[in-house]
1. Identify all residues within segment 129-143 that are touching a His at 6+ places or on another chain (Cβ under 8 Å) and open to solvent by 10 Å² or more (accessible area, probe 1.4 Å); write none if there are none.
2. Condition first: free of Cβ contacts under 8 Å to residues at least 60 places away in the same chain, farther than 23 Å from residue 995 by Cα and surrounded by fewer than 23 Cβ atoms within 10 Å (Cβ to Cβ). Can you find one or more residues in segment 920-942 that meet it?
3. So which residues in segment 386-439 are of a type outside the set (D, E, K, R) and either part of a strand (DSSP E or B) or without any contact (Cβ under 8 Å) to a residue 24 or more places away in the chain (or both), if there are any at all?
4. Give me the strands (runs of 3 or more DSSP E) completely within segment 209-270, filtered to those with at least 2 residues that are open to solvent by 40 Å² or more (accessible area, probe 1.4 Å), ordered by residue number.
5. Of (1) assigned to a helix (DSSP H, G or I); (2) in contact with a helix residue (DSSP H, G or I) (Cβ under 9 Å, 6 or more places away or on another chain), residue 164 satisfies all except one. Which?
6. Looking at segment 375-384, is at least one residue more than 22 Å from residue 251 (Cα to Cα), open to solvent by 10 Å² or more (accessible area, probe 1.4 Å) and not acidic (Asp, Glu)?
7. Quick one: would you say residue 261 is more than 28 Å from residue 405 (Cα to Cα) and touching a residue at least 40 places away in the same chain (Cβ under 8 Å)?
8. Report every pair of residues separated by at least 6 positions or lying on different chains whose Cβ atoms are under 7 Å apart, first residue within segment 63-84 and part of a strand (DSSP E or B), second of a type in the set (S, T, N, Q).
Amino acid sequence: MGPRRKNVKPCSMNREGSESTKADEPKDYMNQLSHEVLCHIFRYLPLQDIMCMECLSRKLKEAVTLYLRVVKVVDLCAGRWWEYMPTGFTDSSFLTLLRKMPDIEQLYGLHPRYLERRRVRGHEAFSIPGVLEALQACPNLLGVETSHLELVEAIWTYMPQVHILGKFRNRNGAFPIPPENKLKIPIGAKIQTLHLVGVNVPEIPCIPMLRHLYLKWVRLTKPQPFKDFLCISLRAFVMRNCAGPTNSLKYVPLVTGLASARNLEHLELVRVPFLGGLIQHVVEDSWRSGGFRNLHTIVLGACKNALEVDLGYLIITAARRLHEVRIQPSLTKDGVFSALKMAELEFPQFETLHLGYVDEFLLQCKMTNGDLVKYGLADVVENPGIITDIGMKAVNEVFSCIKYLVIYNCPHLHNPSNWITDHSRWTRLVDLTLVRCHAIKLDSFSQFIELLPSLEFISLDQMFREPPKGCARVGLSAGTGIGVSSALVSNQNSNNDNDNNNNHQNNNNPNIHHNNHQHPNDQNEENEQRQDGQAEEQQIAAEALNEMEEVAQEEGMAAGQGQNELPAHSQAVVPMEVDEEQAGPSGIQPVVKAAPITVHDSDSEDEEENMGSSRACISNSIAQNYSDGEEKSRDPVETREPSVSGKGKTPLRKRCSASQVGQTKQFHTEESSCEKGCQVTSEQIKADMKAASDMPERNKSKDSYPACSTSTGSTGTSGSCSAVSPSPDCAQTANSHSAGTSPAAGDESRQCVCSPCKSEGSGGREAEESSACSRSSCYKPQDAQQRTSGCCDGECPSTSRSCRNGPNKVAKPKPRQTTKRKRTADKSTSTSDPVIEDDHVQVLALKSKNLVGITLTNCGITDLVLKDCPKMMFIHATRCRVLKHLKVENAPVVNRFDYAQCKKLNMDQVLDQILRMPPERNRIIYLRPMQQVDTLTLEQKIFSGPYPYHICIIHEFSNPPNVRNKVRVRSWMDTIANINQELIKYEFFPEATRTDEDLKKYTKYPWGRDIYTLEGIVDGAPYSMITDFPWLRSLRTAEPNSYARYDFEDDERTTIYAPRRKGQLSADICMETIGEEISELRQMKKGVFQRVVAIFIHYCDVNGEPVEDDYI
């Protein structure tokens, strides 16, 4: 824009000429606008932009000057109160700016990043005296918004008539309280909202204007800080974790001052040591004149002297308006609610109750109570709330309209189903959150959920924890602390691996196990039949073994002491890192164990259907990786035990430093635990012994790839059972060694890492399942399988990484292997140790007509069953260590599944359950596994299965985890499904099916689907997507249309597919883009599915160490 011309009216004779020249250069509309219109436009622009206009043209400069002359309200932060004002100001430039605004009344956004305390002559800076001078140059100034402690104090001192606008929130708060943060509040300060965090304040005086006072980590330095406290306009008073007087009498004026604030709505006292009974007396004196009558929120937390009557009087006085109450543990007791029930009051607006409330700072704070007291906080030790089921009945009788219930750490609650009575129906409860209520019984909780008519959301955190292992054996009632404390059980000897607390019971009686262990019924009969014939030889072997155990016990102790020399990732002493509540996977176990043969617990699909398959398949001495809840490869000198009953016994560890002990033991274990009377050849035993003795040197080289060398649990019987490999990581090493000794054994061991074992009595279903369930084995065994079994048909297009062989192509292992190695290691033999236990099966069954979603965090349930949840939409499970299975009986609309860091999750079973649901919704499944995933087998299983959906599997490798792809998938997967539905419903397009006939017809890759792969990098991390989604490739590569929107940062460089960037906002618009592809498919008579499933697998945790993540 050039300077404004003097002759505004162009001469008529020049008009044609001027028009022709103007056609060449762009028309300057701004300079044609009047000053008034320009000033009106400036009202919508940030001050920074207005000031930039000054230098563009003379007319705009005049308009800016005019605008500043009349402006009354200015915001230096352009409405973004949380940001700092523009930098670069000095005292003189700020004064110049404010002098241009003589009429200014309200100055917002005065948030300087840095202010000097005083001026220095000859040095241009931005200082407090300079700001004050500039403010004093504005004669009409009424108010200033700031967040600077020293500046606000200077304004109060030198310009007391000026109001502090908006909310005053200091920005440099911290704990411990920084000594430089100081604020002296004058009597009658003109301020409405004062938020102080981490500040030293002498006292809180009388401030009649104050409406909101928020004190967090505030040190009150005067001995009587509340003696003049009187804030009659106060609406909200929050005092959390402040360092005030320790003498509780000094809080009397505070409580009386609060009572005189007739409009007080929000009262929050956390760690305020006021005098017990004080609130009761003040309420008695003031309620008639309106004291505390208008409260809608009452919060008491860690107030060590607070009495039940204090809380009760507040609740009764405020009954008419009360919305929310949070009650500290010491007041969470039956008596409070019984007394309120006697008062026979109504609480018409009440919605939210939090029992056992503990302030967030205290939950997250790493400091001890002693440290907090040292920094001036009150001395409080919180015990859990003692409310019982009787009190919970009274809760709903008192607060009949309650909608949101949170209960934290109330260990005396047992049977939620008893909370429901004729007078206490919980009819309006919408949201239920339970945290650390360890004694609540699972079946009773399930009944309770079923009886709640309006419940929509359940959140469970640290609930239904796993009982300590072996507690049934020593008379413990698991998790209740009756008998021996579960804390004592789990921490018996800290010098050993904390998950293996086992030195205190070395039980050498070989028969105890059989007497005490309850087998699942389906195994009892066959186990007992088999056992009779072998009892004798096992007894002999057991006695020999017991003598050796005593020797190995001492060595095991030594190995336990020497743990510290191990590499960091395999440190054995990890004190309860995974879950502070866990009692250790093997709570009461003797150190020394027998034959290292194990059944993977996570791999058995459904216990009832597939027990045979999991029994038939006995893995190598490894299987540490994902069958057991420890950190992977935590203990390099340990081996596994035969599983004794049911799916997945928790492994027992043995520290064997002398390999000859292991070898001697091996002779016995090979004989004694060979369940079907199979003979082991001496050649085989030699091979195994050689492997065992060579193992320690090889161990070092394997550390770099700790979690990969796993032959997967129920996928095949191991040809070389390396009986005493001292590391869970060494299966492959063992296999290769034995291959050197015995070629036949080597062949078998290579094959059987991934191929299914068709054994007698296990039908075709077992083979099919086991072929697809080698997801924890690493890529090397997979390659070995492909090489030895020759299953790669040459039909492996580079676009897909899925395994190309159909189920019938997988090579069957040699029959010799099946007969020789078929061992059910889940039988109670005389050699098995008495305290080997599976994870205690805990089934959470949900039946609720309005339930929308459930969130599980650190819970000890093993199975989640959706019995009848017609409105259920989502399941979130995070860090549930033993959660393994999902069963969906009736939950047609559940569409979001989030499983993050669940160590033992049986991915195959969960995916199978979800994909078998009737295709009534599109579904997204988000997985963050903590073990290696065999992607080829997983893809083969999913794409070849009977699942009537288009499927995409996204492998995301970002670490730390990036949620961009995960979030964006939801936006476009529905579009694909909508296009398909439009075509099927209105365009008579053929609908694809996935019946048994289809499966028989398509036995090889691509199993009747059009599978392709998309790969790329998002935010520096690679992703790979394998899918049969139709239309997606064309839509991704299409040119943007007229609806394209560029106000999103996404495009194909930052996410898989960005439909809004292309303008592909609806199915109709997309169908215009892909018209040709639609007609091609129609001619080929190729059908599409109406629904889609996205499986999103995040690989940041697969090495077994959970990655910290704010999003979960």
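1. Of segment 129-143, the ones touching a His at 6+ places or on another chain (Cβ under 8 Å) are 142-143.
Correct list: 142 only.
2. Of segment 920-942, the ones free of Cβ contacts under 8 Å to residues at least 60 places away in the same chain are none.
Among the residues of segment 920-942, not one is free of Cβ contacts under 8 Å to residues at least 60 places away in the same chain, farther than 23 Å from residue 995 by Cα and surrounded by fewer than 23 Cβ atoms within 10 Å (Cβ to Cβ), which makes the answer no.
3. 404, 405, 406, 407, 408, 432, 433, 434, 435 - these are the residues of segment 386-439 that are of a type outside the set (D, E, K, R) and either part of a strand (DSSP E or B) or without any contact (Cβ under 8 Å) to a residue 24 or more places away in the chain (or both).
4. Details: elements: 212-216, 236-240, 266-270.
Result: 212-216.
5. (1)
6. Just the residues of segment 375-384 that are more than 22 Å from residue 251 (Cα to Cα), to begin with: 383-384.
Pick out the ones that are also open to solvent by 10 Å² or more (accessible area, probe 1.4 Å) and you get 383-384.
When the remaining residues are screened for being not acidic (Asp, Glu), the result is 383-384.
Scanning segment 375-384 turns up at least one residue that is more than 22 Å from residue 251 (Cα to Cα), open to solvent by 10 Å² or more (accessible area, probe 1.4 Å) and not acidic (Asp, Glu).
7. Values: more than 28 Å from residue 405 (Cα to Cα): yes; touching a residue at least 40 places away in the same chain (Cβ under 8 Å): no.
It is false that residue 261 is more than 28 Å from residue 405 (Cα to Cα) and touching a residue at least 40 places away in the same chain (Cβ under 8 Å).
8. From residues that are part of a strand (DSSP E or B), the pairs are 73/106.
The values are calculated or read from the model by the stated rules, or taken from the named source; none is laboratory data. Values in this document were obtained by computation on a predicted structure and should not be read as measured data. Don't worry about glycine lacking a Cβ; one is built from the backbone with ideal geometry, like all the others, and counts go over all protein chains shown. Each accessible area value is taken on the protein alone, full model and side chains, heavy atoms only, with ligands, DNA and RNA left out. Shrake-Rupley method; radii C 1.70, N 1.55, O 1.52, S 1.80 Å.
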